Amino acid sequence: MKKIVISSALCAAGLLGSVGAFAADTTICTGSATAGNGTAPASGTAGTHYMVRAIAPKCSANVNLLGVDGTSGAWYAVGSNSVKGKASWQGHTNGGSVQKGADCAIPGGCTADEATTARTAANAAAAAAS
């Protein structure tokens, strides 16, 4: 499920993107015990954010998903995990793919901080690809 959530976010970012002016961190899914609507990543006009059109993300139960506009909105990077999973996942739109990040400190007890670490690593990988 984690791969599907991240893949969906990356596909949406890729389809709706353009170059922007600054980075914007977004906690899209909070790891809630129930599924529901997520927080839409920042979007706007070309030259402002990576995404030009808003999306309406849906979150699976127990999923942490965080995103960030890359440098000058040139890419979008995400980090994710399942609260009940054993590893975090990361990916970006700058020629990257979704891949396993690091194992969580407590298998079956992944935290939002570990998803943030995955997002940071994805953003760094995207920057290095530029």
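Assorted remarks:
- With a Förster radius of 25 Å applied to the C-beta separation of S32 and A102, the computed FRET efficiency comes to 0.65.
- Cross-link partners of K86 among aspartates and glutamates (Cα-Cα below 13 Å; sequence separation of 8 or more within a chain): D103, E114
- Among T93, T71, T48, sorting on how many other beta-carbon atoms sit within 10 Å of each Cβ, with the fewest leading, yields T71, T48, T93.
- Close amide H contacts of A102 (hydrogens built in the peptide plane, cut-off under 5 Å, sequence separation of 5 or more or a different chain): S88.
Values quoted throughout were computed directly from the atomic coordinates according to the rules given, and no laboratory measurement underlies them. Source: prediction; values computed, not measured. Backbone-built Cβ (ideal geometry, glycine too); neighbour counts: all protein chains shown.
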